[in-house]
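Beneath this line is the structure, given in structure tokens, with notes to follow.
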Amino acid sequence: MNYKQWQKINKSKKKINIIKYFKNWHISYILFKSGFFNSSYYVKEYPEVLIGLRSGFFYRLSVSSNRILQLIGKVMVHPIRHYVWNGVYEGKKPSRSFDTVFYIENNHDVAHSGVNPLFHYIKHGAIEGRQPLPKLKDLALDSIPIKMQIKTIKNSGLFDEAYYLENNLDVANAKMDPVEHYCYFGWRESRNPSDIFNTKFYLSNNEDVLEAGINPLYHYILLGMEEGRRPFENETLLPCKRDITILFIGHEAEQTGAPIILLDIIKWFNKFTSYKVKVILLRGGQIQEEYKKSAETLVLNEQVNKNTFKATISDFIGDDNCIIFLNTVVSARFIELMDLSKYPSIAFIHELEKTLRIFPKETNLLKKNIRSLIAASDAVTDNLIYNHGYREEEVETVFAFIDPQHQFLDDNKRKERRKKLNLPADKLIIFGCGVLYWRKNPKGFIEIAEKVLTKTDKECEFIWIGDGEEKDICERLIKKKNLENHIKFIGSVDNPRDYFAAGDIFLLPAVEDPFPLVCLEAADSGLPIICYDEAGGMPRFVEDDAGIVVPFNDINKMAGATCILIEDKVLREKLGRTAREKVLERHVINKSAMQIKKIIDDKLGVKPFVSVVVPNYNHSKYLQQRLDSIYNQSYRDLEIILLDDVSTDNSREILDSYADRYPEITRKLYNKENSGSVFLQWLRGIEAARGDVVWVAESDDYCEQNFIEMLLPPFKDTDAVLSYSNSNIVGPSGQFYNTYDNVPWLTDVDELKWKNNYYNKGAEEFLEALSIKCTIPNVSSVLFRREPALEAIKYTFNYKKAGDWIFYAHLSRFGNIAYCSSPLNYHRRHEGSVTSRESDDKGVEEIYLIHKHFVNNFHVPDMVRHSMISFIENEYNIYNMRKSVSKSLSELYDKQQILDHSRKPKVALYQHGLNFGKGGAEKMLIEIANQLFFKGYNVSIYNRTYSDAPLPYKLNPNIPIYNIALKDDLGSVLQENKPDICLVNSIGHSDVLSIDQIHSFDIPVILTMHNQPGFFDQSPGKKDHTLSLQKSDCVVTLIPSFKEEYLKRGVSTQIEVIPNFVLKPRVYGKFKGLNNRKFIFTAGRLVEQKQQSILIDAFAKISTDFPSWDLLIAGEGHLRPFLEQQINHLGLNNRVVLLGEVDNIGDYYKNCDLFVLPSKFEGFSLVILEIASFGKPVILFKDCPPYGEIINDEDGIVLVSEMTSNALSNALRENMNQNQQNIEEAMYKFYSQYSPDTLIPMWEELINKYTSVIKR
């Protein structure tokens, strides 16, 4: 039966009776619950349906203020109802994933039954494996005309034409239509149609599309999107790692204590931290494959040519920023294979004195080269300090550890285990374990067993687990003593704890063992331990409550202690329980690995990547669940800051207990007085945070253990500022209500947006959602960057209810927002909370104030303003129905203020070659764009270029940039973008044609220049430059003398003076100064204009008088070889450093003692202002324009009268001897004249002067 026949038959049955009516409602309900019906797709695909649904009586009910009538109306106009009653008979698809016609025609039993095809598929077809739509090869998408594909792609909104042209300059230069090029050629050449669709990735991950030869974007639009196929490889899903590698060095990979510990450490660091991990093993062994699975591993004894070890190691390390971590004293052999002085290093020592004497060479290498040690026990620590000259502060104890298996069995389960392992059912079992050689003393084990067996009447069996060189000797000794039925050496087993859990006592007869893991494994299984005193670290674990410690090598005393425990079951079990508790408290991997991580962090000066802030007030009832969900996170590169706002319950007692349990990662900040504001608590936590990323985890919520792990990866992109997850809504007792992606608060904004993961520009997220309402319902679901958060938090304090909303909105201005649709967070909603008890008048007023703030300070188009009004109208209706408002909406919310508030002009900034170099002009254009954006302007950048190079400075990711080929005019961009004004930044190229093109669209031009007039006389030439000046509507120069020069030349255009402004450079903490030394710093390109050679000569003249001072020069350029030769000739190789380009110049500004700018001339050098923002003294030449003009006798700035090395050396000498305490304040005052707060308002005034105030 084909569809038309089915349609004809069933249309005749379409008449509704009461049974059919209820049946259809049942089908509608099943379709709704299943999720197979896509309402958004249905109304978009069939717009006539939406028109019909919104034009009748029931639609009027759906927007009624009466809640019951509103509910009835919404049900009656839901698209599902149309599909069930009509659409199915019209061949309409309920989603891209189901084809009504196909299903009917290919399932004749369904066709003959007359049942709704989608209902049948949900109830039966999916389980039976029936196809819901044609297979790809049957669709013949490859045969669809390209013109039709082009039309579909253009209408999809998924092809970014500007992106395609910017990234394919050959297409732009050929003036081809970008969509046509992609459809005919581009996808076959692996070109990408946008930054969110990767052609190569899509084809390589969808073999059916590749084999069918289908345009991948066309397939994605028609089918792939609905089928959930990924359009690009989201790099943000990969682990978020630092640019620091821990290089672990192990002496071998045998299945013994130290290699097992190292393997566990490596796995832990790889899984739970932001460090990269590499491993070098001096030789392999049984578990080397486990090492290779866990990290990139080099096994040296596998290398054929030992003479190339050093080169092999160097290649393996590469350019990684490394710290070396040696495990065991034997691994110190590695020191001979590389220059350890290049890297910070730590050694983890497990051995005691007798073993160290076996390896004297390695011990000496260790002592000479590594002064930061971790000891595996207190005994090892004592030995290193008292016998090897290490200072107490150079050795830290980190106890050996295991991963608990919790095999603590009751009597019945122990019997079952014994039966399974073929162990005696009714005997007491005393275990020993380890490699059979002298240190473990297996022969002593046999002697002790012999003595015990003669002293006790209890049936006992002694079992040793492990192999080794003395196994044959031990077995002969047992046979000689005729004890084969009582003592057994069973060799190695996969998991000794399977056996320990069935035993009764663990015996450690070792004469030297630093801290045997096997004892911890036995204790984890609930066995008491008997050991010798002074034989290692175990006596300090056992003490008097986890077993018995006997005098060293006293076999009789050890046999006696064994008999005591054999005879006293109560004591035996009590000591075993305590032993297990000690293991779980002090000797688990999480505890020890966190201690090791803290030692490494401190060694490197590394801060935790994530700071968790827990603001608490009277939530003791929920604190344990909250804190457990934080401290058990699968991601561990974090710190936890516990706040308490003077709780009156026992909250602090609970907080203290967690701080005591996890001291390595916990800080407490308790208020002495109640702050009265949750946002003040947020601020305190954010300010205290040391991590780049912050999580405010409210004390009554909780989360999944992988919360951070899932939300952190987007922060690999430096543009990401916020990452949040879907949340479960739970009640006071944890009862589940719903997830936020299903509640009207979000679905009223967009039915599908929060059903899928996304990564969005902050400005887009603001316009789509956050401008209207707070679409991030719970801060506990959010990770955000600390630095922008410190700015955003300032706006919260005037709001009682909606501070979080304005916080997220301001954060969105700094970058991109990521969302994870998995409900990783549990948001606890309390009945009778402040929010639900208080009058909602205040809530409506706050919404108005925030909407007003948005239209004042953000770019908010008309459409969004109307959405704001619709939201508040609906919200007010809800409040009104529950009688929680006492005033009319017009009294609380002025709609016209929102609708009529004028918008700020749309500003474009243009430069020829913005990505050609990294100079002051480029920096100023980008910073002006960034600052105007934060002031609420709609900003875009036009860059005329031939290069695909990135921008030289950080542009706010919310600002679009249009790359324009050299031969193209600006017309198409201006037509699309329609700016109100354009700032043309002239840097030496001809701008006449561009100014003409901008004027042809009636757009005013402000011409800005970063250099002195004489510079432009050379390029583009005086005539061309003068023409640009005359054609512009306004000209901006940096200082008055530049303006005067242009006036002398007869330039009639209005000329304004606005100096450069500077933002204080960020301090990253990568460089913390020179050890016990001072240094002079300069920064600039290594070119003739900057005259670094004069500075080097000047420093050479006074270097012997100032032996504790050095000179550091940042910058790159063609004079580097000449300067290197000069430094070498002057014998200053150890005193003068050419740093090259640096990306952390703030670190050098902060730590330098004196800054020198030896330039011949400058336009308006930003470095002077940058260094002034750090309060540091400056020396420069008075004759270097324009400083003689703009700098008076400022405290802290020295103007050298002659441009010679002699004059400069005298100035250096005087200032290096000077007390600089009073200089700092004067330099800060100087900087304030050139801060954005002072100068950006001047730009705003100028922009507004040349554009009329634009309404809405």
Write out the chymotrypsin sites (Phe, Trp or Tyr not before Pro) in the stretch 965-1021 meeting two conditions: DSSP loop, and at most 10 other Cβ atoms within 10 Å of their Cβ. none
Additional length obtainable on full extension of the chain from residue 314 to residue 656, 0.36 nm per residue less Cα span: 118.4 nm
Mean Kyte-Doolittle of at least -0.5 plus a Cα span of 27 Å or more along the axis: flag which DSSP H helices in the chain meet both, please. 862-881
Less than 14 Å Cβ to Cβ from residue 545, Lys/Arg counted +1 and Asp/Glu -1: what total charge do the surrounding residues give? +2
DSSP beta bridges in the chain: the antiparallel percent, rounded to 5, is 15
Please report the relative contact order for the stretch 137-233, taking Cα pairs under 8 Å with a sequence separation of at least 6, and give it as a percent rounded to a whole number. 30
Treat each spin label as a single point 7 Å out from the Cα along the C-beta direction, and report the residue 1108 to residue 127 distance in nm. 8.4
If a/c stays under 1.5 just call it rounded; otherwise compare a/b with b/c (prolate if a/b is bigger, oblate if not). Do that for the chain, with a ≥ b ≥ c from the square roots of the Cα gyration tensor eigenvalues. oblate
What distance in nm lies between label points placed 7 Å from Cα along the C-beta direction at residue 106 and residue 1053? 6.6
Could you tell me the calculated FRET efficiency between residue 953 and residue 24, based on Cβ-Cβ distance and R0 = 56 angstrom, to the nearest 0.05? 0.35
What order do you get for 249, 1240, 446 when you list them from fewest to most C-beta neighbours inside 10 Å? 1240, 446, 249
Please name whichever of 609, 196, 632 sits farthest to the positive end of the charge dipole of the chain, dipole taken about the Cα centre and charges placed at Cβ: Lys and Arg +1, Asp and Glu -1. 196
What is the fewest-to-most order of 771, 39 by other Cβ atoms lying within 10 Å of their Cβ? 39, 771
As an exercise, identify the GluC sites (Glu not before Pro) in the stretch 1145-1226 lying in DSSP coil whose Cβ has no more than 13 other Cβ atoms within 10 Å. 1202
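Only loop residues by DSSP count here, and only those with at most 15 other Cβ atoms within 10 Å; note down the trypsin sites (Lys or Arg not before Pro) in the stretch 854-909 that meet that.
Filter output for the stretch 854-909: 882, 883, 887.
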Relative packing of 437-444, 806-813, which averages over residues the other C-beta atoms within 10 Å, highest first: 806-813, 437-444
Could you pull out every residue, at least 5 positions away or on a different chain, whose amide H is within less than 5 Å of the one on residue 464? Hs are placed 1.01 Å off N in the peptide plane, and Pro or chain starts have none. 432, 488, 489, 490
Classify the stretch 607-837 as rounded, prolate or oblate from the Cα gyration tensor: take a ≥ b ≥ c as the square roots of its eigenvalues, call it rounded if a/c is under 1.5, otherwise prolate when a/b beats b/c and oblate if not. rounded
With the charge dipole of the chain built from beta-carbon charges (+1 for Lys and Arg, -1 for Asp and Glu) about the Cα centre, the Cα from 769, 248, 1190 projecting farthest to the positive end belongs to 769
3J(HN,Hα) from dihedral phi, the stretch 123-132, Karplus parametrisation 6.51/-1.76/1.60, rounded to Hz, x for glycine, proline: 7, 10, x, 4, 5, 7, x, 6, 6, x
For the stretch 731-746, Karplus-derived ³J(HN,Hα) couplings (6.51, -1.76, 1.60; θ = phi - 60°; whole Hz; x for glycine and proline) come out as x, x, 9, x, 5, 7, 9, 5, 10, 5, 5, 10, 9, x, 3, 9
From DSSP H assignment alone, runs of 4+ in the chain each adding -39500 (n - 2.57), the sum over residues rounded to the nearest 500 puts [θ] at 222 nm at -12000 deg cm²/dmol
Taking 878, 323 and counting other C-beta atoms within 10 Å, the order from fewest to most: 878, 323
Quick calc, residue 742 & residue 568: beta-carbon distance into FRET formula, R0 60 Å, rounding 0.05, result 0.45
For a quick protection proxy, order the peptides 596-604, 504-512, 409-417, 700-708 by their average other-Cβ count within 10 Å, most packed first. 504-512, 700-708, 596-604, 409-417
Taking r as the C-beta separation of residue 5 and residue 85 and R0 as 22 Å, the FRET efficiency to the nearest 0.05 is 0.60
Residues whose placed amide H lies under 5 Å from that of residue 666, excluding near-sequence neighbours: 640
Listed by chain and number, the residues whose amide H is under 5 Å from that of residue 1110, excluding neighbours fewer than 5 places away on the same chain and using placed H, are 1078, 1079, 1080
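With Cβ to Cβ distances under 13 Å as the rule, what net charge do the other residues near residue 536 carry (K, R +1; D, E -1)? Before the final figure, lay out the partial values.
Values: positive: 354, 439, 440, 540; negative: 351, 353, 378, 382, 512, 513, 533, 534.
With Lys, Arg at +1 and Asp, Glu at -1, the net is -4.
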Counting Lys and Arg as +1 and Asp and Glu as -1, what is the net charge of the other residues whose Cβ lies under 12 Å from the Cβ of residue 816? -1
Can you report the principal axis dimensions of the stretch 137-233 using only the alpha carbons, biggest first, rounded to whole angstrom? 39, 29, 22
Positive end of the charge dipole of the stretch 356-407 (Lys, Arg +1 and Asp, Glu -1 on Cβ, about the Cα centre): tell me which of 356, 399, 372 has its Cα farthest that way. 356
Which of rounded, prolate, oblate describes the stretch 279-334, given a ≥ b ≥ c as roots of the alpha-carbon gyration tensor eigenvalues and a/c under 1.5 marking rounded, otherwise prolate only if a/b is larger than b/c? rounded
Where the centroid of each part is defined by its Cα atoms, how far is the stretch 46-94 from the stretch 732-748 in Å? 24
Distance between modelled label sites at residue 458 and residue 628, nm, 7 Å Cα→Cβ extension: 3.5
Estimated vicinal HN-Hα couplings, Hz - the stretch 78-93 in sequence order (Karplus 6.51, -1.76, 1.60; Gly, Pro = x): 6, x, 4, 4, 4, 4, 5, 7, 9, x, 4, 8, 10, x, 6, 8
Given 276-289, 926-939, 1120-1133, the highest-first ranking by average Cβ count within 10 Å works out to 926-939, 276-289, 1120-1133
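We did not get these values from a lab; they are worked out from the coordinates using the rules stated. No experiment lies behind these values; they were computed from the predicted model shown. Positions of Cβ are generated from backbone atoms using ideal geometry, with glycine treated the same way; all protein chains shown enter the neighbour counts.
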